[in-house]
Amino acid sequence: MIEELYREHWPLVCGFLLRRTRDPHLAEDLAQETFVKATRALLGWRGENPAAWLLTIARNVLIDHLRRVRRELDLPDADELGVPALHVAATDVRDALERLPEQQRRLLKLVYFEGFSLVEVAAMTGRTHSSMKTALWRARNAFADVYGASHD
């Protein structure tokens, strides 16, 4: 079972970690740690989406690693969130996110704050890449509208 998960999902897990760390050796080490933890947690796995389950474990492994080395994840640029680049207050962004519907808020957080790619989010949700692209476009527009309305 774990061998199948490993063969099928190694590129997804390793790719996610590589984009976040920008270090191929560290990404491979963290991916290996992810699969070790997945092996230990296999009995508790309820058969949900394996990509989502493994990416959640990978994200937690990455967070644990960052805590150990006391580094912080890079925040997304303001223009990636659809807001003006100058003088963006974090509380304004957080307030605008909270006014969005749950699905849009979650999608923006997964992509821009947690660093998942659209391919990864699609794998996690069982949706197609193109439908995720459309959903992200709509979520960004909704965020821009909400954020813009609060600054008029």
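Just a few scattered comments:
- Per-residue 3J(HN,Hα) values for the stretch 134-143, derived from phi via the Karplus relation 6.51 cos²θ - 1.76 cosθ + 1.60 with θ = phi - 60°, read 5, 4, 5, 4, 5, 5, 5, 5, 4, 4 Hz in sequence order (x marks Gly and Pro).
- Multiplying the residue separation of Asp92 and Arg67 by 0.36 nm and removing their Cα-Cα distance gives an extension gain of 6.3 nm.
- Taking Asp92, Asp29 and ordering them by how much accessible surface each has at a 1.4 Å probe, largest first, produces Asp29, Asp92.
- Accessible area ranking (1.4 Å probe, heavy atoms, ligands and nucleic acids excluded), largest first, for Met132, Met124: Met124, Met132.
- Order of exposure, largest accessible area first, which applies to Asp95, Asp145, Asp23 with probe 1.4 Å: Asp145, Asp95, Asp23
The values are calculated or read from the model by the stated rules, or taken from the named source; none is laboratory data. What you see is a predicted model, and the numbers here were worked out from it, not measured in a lab. Areas reflect the complete protein model, heavy atoms only, side chains present, ligands, DNA and RNA absent. Shrake-Rupley method; radii C 1.70, N 1.55, O 1.52, S 1.80 Å.
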